[in-house]
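See below for the structure under consideration.
The values are calculated or read from the model by the stated rules, or taken from the named source; none is laboratory data. Computed from a predicted model, the values in this text were never measured in an experiment. Cβ atoms come from the backbone with ideal geometry, glycine included; neighbour counts cover every protein chain shown. When the accessible area is computed, the model is the full protein with side chains, heavy atoms only, and any ligands, DNA or RNA have been set aside. Shrake-Rupley method; radii C 1.70, N 1.55, O 1.52, S 1.80 Å.
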Amino acid sequence: MTQIDAVLSITGEAQITGSDGRTWRAAYPDLETARESVHATAVATAAEIDAPVHLKISEPAGEQRLVVHGNGEFAVDAPQGSAGPTGFEATGFEASGFGASGLPPAPAHAPGHASVPVDPASPAPAFPAHAPAQPTAFEAASFDPAAFEPAPFEPAASEPASFASASFEPAVPQSAPAPAPAPAPEPAPTRDGARDDARAESPLRERRRRPTAADFAASRPAVPQSPAREGWQGAMNTLSGGALRLAPGDREMTRREWRASVQRGLAGHKCVVFVNLKGGASKTTSCYLTAATLGRVRGGNVLAWDNNENKGTLGDRAMQASHDHTAADLLANIDRFAQPSNAHELVNYVRAQGENKFHVLASQNQAGDKEVIDGSAFVQLHTVLRQFYHLALVDTGNASTAGTWQAAVEIADEIVLVAMNKEDSSKTLAATVDTLVDMGFADKLSRGILLVTQPAIPSKNRKARAVANEERLARIREHFGHYVRKIVVAPHDEALDDGADIIFENLAPETQEAYLEATAAIVDGL
């Protein structure tokens, strides 16, 4: 059976592993929302494959195991000898003690929940395993179902707000004294002549979770989209002087979703590396344009860092500063920045990129066959720079044996594969992936993306070359789709051909849109 494992944190972060071994991460407002989203994912998966799905949810309070069906039904799937019963069926939030999402509110051994041991030889109890244990006196009491019909449950004002934390006492008539402990009688025969389990005659009524203020806020209808600003709808809205308020089209809505992803909050500093062991694979261009998209759409403290083991070109293609200092100069003065109060002095080592709203840290400006910055120096620089930048994008070199390359991949929160749609570039990238897998970074790769840049098509044999490019792109998608979460294709752009300064405003709209999509996918992987 298909297995989905989810590890949830108390802050709402989720790490989800599918049956194919791929792992991805997501962040939610709180633990309850994360639990609901994971359950919805399992239901959708079960519906898609038309078969039940095993769902294991691990939280700080404990662990839950469920068998989820495509119609939303699920059963507690606890291993033998655990606190959860096997075979207990529940549908939606109608099940006793279940929240509005249809999931148990917490694992059976979470604080505030009484554990109910399960005897494999006895029938499953008639209440969920995470419900409070019944008093011993009640379990042994004499009870005649025909002589007593419990009244519908009316909660008192002082009673707890949730089933999980409630403490129950059996209801008895006010005029009669509590029955003395005695052996339970044989259950009365049913109309079919069969006898039910005595525990199934419990007079307790199922209680539903009462909604909270958060539930009321969540019930608010979605806020309508603002009027279109792009396409023919946007043009009509502008020409009408506000008399028309046409809704955005599908394409504009997609771009808005990408922008929202780019602007999503991140928990602490994040580091992204761009890799391909072949030079000329557009690593530098991809790193710069991703940083520019982050700066323009997201804002904040973003650093593009040329981590070439010799001399990189990121500093050459970036806007120049009043100095020519590099990472080597910063390393020589790194002790100055052990104190965050000296952050203003960073302007003497990094290069501001104007309207792109990010900084560039150039590599050493002297080519050679000896590393000026090794792996330990990279770690030292990163430890200091993470105090000042929320996001660091690292342009790597071309040697997997270099200490700087290995340290960058080790530190990275996400790996972005980069290639030109050319045979040599994609072949070298395949070898790069093999190296990363051998180094134990397959899981980290699965959270990343592949950014493919289309090459220029010469006028000679143009049609044949275009067909060959499409065939190769299909091979690239097929091969690397087994390793990464998403593949984004950027068009060829003449504004990037000459290798000079990268001017974002000179890019074609299609190129800007491709990098918006790629940047959104990158942030989604963090």
Listed residue pairs exceeding 29 Å between alpha carbons, taken from Lys357/Lys427; Lys56/Lys427; Lys357/Lys422; Lys270/Lys486; Lys357/Lys463: Lys357/Lys427; Lys56/Lys427; Lys357/Lys422; Lys357/Lys463
DSSP-loop trypsin sites (Lys or Arg not before Pro) across the range 475-526, with at most 13 other Cβ within 10 angstrom: none
Loop GluC sites (Glu not before Pro), the range 310-396 (other Cβ atoms within 10 Å of the site Cβ: 15 or fewer; DSSP): none
Added length on full extension, which subtracts the Cα-Cα distance from 0.36 nm per residue, Leu246 to Val437: 63.8 nm
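How about the range 357-426: which trypsin sites (Lys or Arg not before Pro) there lie in a loop by DSSP and see at most 12 other Cβ atoms within 10 Å?
Sites meeting the loop and neighbour criteria: Lys370.
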Scattering curve values for the range 296-453, log₁₀ I(q)/I(0), Debye with Cα scatterers, q = 0.14 Å⁻¹: -0.74
Sulfur and carbon atoms: percent of accessible area, the range 298-428 [1.4 Å]: 48 percent
Surrounding net charge for Ala291, when Lys and Arg each add one and Asp and Glu each subtract one, Cβ distance under 11 Å: +2
Burial order of peptide ranges 427-433, 405-411, 19-25, 516-522 (average beta-carbon count within 10 Å, highest first): 516-522, 405-411, 427-433, 19-25
Cβ-defined net charge surrounding Pro224, 14 Å radius [Lys, Arg +1; Asp, Glu -1]: +3
For the range 322-393: rounded, prolate or oblate by the Cα gyration tensor [a/c cutoff 1.5]: oblate
Estimated FRET transfer efficiency (Phe216, Ile10; beta-carbon r; R0 25 Å; 0.05): 0.60
Residue-normalised accessible area of the range 262-408, given per residue in Å² at a 1.4 Å probe: 39 Å²
Exposure of Met1 as accessible area (Å², to 10), given a probe of 1.4 Å and all protein chains: 130 Å²
Distance-filtered residues of the range 494-526 - backbone nitrogen under 14 Å, label point 7 angstrom along Leu473 Cα→Cβ: 510-511, 514-515
Accessible surface of Ser240 - all protein chains present, 1.4 Å probe, nearest 10 Å²: 40 Å²
Extended-chain gain in nm, criterion 0.36 nm per residue less alpha-carbon gap, Glu257 and Gln380: 40.6 nm
Mean Cβ neighbour count within 10 Å, used as a protection proxy, ranking 466-473, 258-265 highest first: 258-265, 466-473
